1. Please work out which one of (1) in a loop (DSSP other than H, G, I, E, B); (2) loosely packed, with under 13 Cβ neighbours inside 10 Å is the condition G337 fails and give its number.
2. Restricting attention to the stretch 261-290, which residues are assigned to a helix (DSSP H, G or I) and basic (K, R)?
3. Among E72, E90, which is more than 21 Å from V317 (Cβ to Cβ), of a type in the set (D, E, K, R) and touching a Ser or Thr at 6+ places or on another chain (Cβ under 7 Å)?
4. Kindly list the number of the only condition in (1) more than 11 Å from L168 (Cβ to Cβ); (2) open to solvent by 30 Å² or more (accessible area, probe 1.4 Å); (3) in a helix (DSSP H, G or I) that fails for D242.
5. On the basis of being under 25 Å from the mean Cα position of the chain (by Cα) and in contact (Cβ under 8 Å) with a residue 24 or more places away in the chain, does D270 make the cut?
6. Tell me yes or no: at least one residue of the stretch 337-351 is among the polar types (S, T, N, Q) and over 20 Å from M24 (Cα atoms).
7. Among the residues of the stretch 151-174, which ones are under 18 Å from C236 (Cα atoms), open to solvent by less than 10 Å² (accessible area, probe 1.4 Å) and of a type in the set (G, A, S)?
8. Among the numbered criteria (1) among the small types (G, A, S); (2) touching a strand residue (DSSP E or B) at 6+ places or on another chain (Cβ under 7 Å); (3) open to solvent by less than 50 Å² (accessible area, probe 1.4 Å), which single criterion is violated by G256?
Amino acid sequence: MRKFVLIPDSFKGTLSSKQICEIMQNKIKEIYPLANVVSIPVADGGEGSVECFLTALGGQKIQIECNGPYFEKMTGFYGIIDGGKTAVIEMASVAGLPLVENNKNPLKTTTYGVGELMLDAVKKGVNKIIMGLGGSCTNDFGCGCACACGAKFFDKNGKEFIPVGETLKDVCAIDTTLLEHNFKGVEIVTMCDIDNPPYGENGASRIFAPQKGADEKAVNFLDDGVKHVCATVDKCKGIKLDDLAGGGAAGAMGAGMVAFFNSTLKMGIDTVLETVGFDRVIKDANVIFTGEGKIDGQSLRGKVVIGVSRRAKLQNVPVIAVVGGAEGDMKEAYNQGVSAIFSINRLPQDFSVSRDFSAENLAFAMDNILRALKIN
């Protein structure tokens, strides 16, 4: 009996990784009715991450009342997997850009609700939290999240407050004693797929704040605030964050996760592969199908396709990448373990047109790839 492992990223703006797995599996079952198909949909830490982990591993979706981006009450959620030992949280679920689509303002938005999700998970007995960063509407360094978990921030007059983007510059002292007590013995892994530092020309504010509603004046103000908190963290906790790769993720929450929670920042695909036991899953696989919306030079920096192929190469398992499009020389992808790359687009159409046919184009491509495999 043939075994296929499906582990695609989403095709941004067209198909979720879960939908891609379903289309691939349906085609495999048509041509190989007795095949064993293992589906592992992947998300990069942003929207859909919880659903992907629950689909791949089973578990429970937890919903609680918490604070949204403007401290408004809303229903947030997270997932519990691994027999109740691990929580998966996507910070965008309570601090994501879609929640403020018509009212963007990173000077005032908060990650407080993210901390409420974390604290609830710990109270339910988890000893590990996987935090997904991505798609945020915030630029608060994760200070709101830390406050919800027990951290205290003080201004120059010793007054306690919850920092947001516009008040980061007012942070003069930090006390994480209660937070550390609340999270004692809890391992926290943060999924982060960018390498931007907390501040500076390539930092959180200058690169990402404009898409969250910040004008040039606000960008400069936010960048100064993040730089100030980095200096305060160094003064209060002896942790240097200035050049931390990934520290700029989610409005510098990457830096905050390291500073306040002693978290490690890891590539999203590496976290997924370790959590689902990928090396064990593929031991007896005949073929692995992966993919993403577009494979290019960026894909070689540890995105899903390359992350999967590097692991598969160690066990000599063929990897077929089915993608929306391919750009540039793919020689390095092949060197990293990709066996073949197939684009799903059948006609020379603009993306604005072809996107509406992504599902049927993917099904068509899979059908022909599988028919070719069956020749052998």
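1. In the conditions (1) in a loop (DSSP other than H, G, I, E, B); (2) loosely packed, with under 13 Cβ neighbours inside 10 Å, G337 misses (2) alone.
2. Quick first cut of the stretch 261-290, residues assigned to a helix (DSSP H, G or I) only: 261, 268-275, 278-281.
Within the stretch 261-290, R280 is the sole residue that qualifies.
3. Details: E72 fails: touching a Ser or Thr at 6+ places or on another chain (Cβ under 7 Å).
Matching residue, one of E72, E90: E90.
4. For D242, the failing item is (3).
5. Working: under 25 Å from the mean Cα position of the chain (by Cα): yes; in contact (Cβ under 8 Å) with a residue 24 or more places away in the chain: yes.
Taking the combined requirement at face value, the residue satisfies it.
6. Just the residues of the stretch 337-351 that are among the polar types (S, T, N, Q), to begin with: 339, 343, 345, 349.
Now narrow it down to the ones that are over 20 Å from M24 (Cα atoms): 349.
Yes, some residue in the stretch 337-351 is among the polar types (S, T, N, Q) and over 20 Å from M24 (Cα atoms).
7. Matches in the stretch 151-174: A151 only.
8. (2)
The values are calculated or read from the model by the stated rules, or taken from the named source; none is laboratory data. A quick note: this is a predicted structure, and the numbers were derived from the prediction, not measured. No Cβ is skipped: glycine too gets one built from the backbone with ideal geometry, and neighbour counts run over all protein chains shown. Note: areas computed on protein heavy atoms with side chains; ligands, DNA, RNA excluded. Shrake-Rupley method; radii C 1.70, N 1.55, O 1.52, S 1.80 Å.
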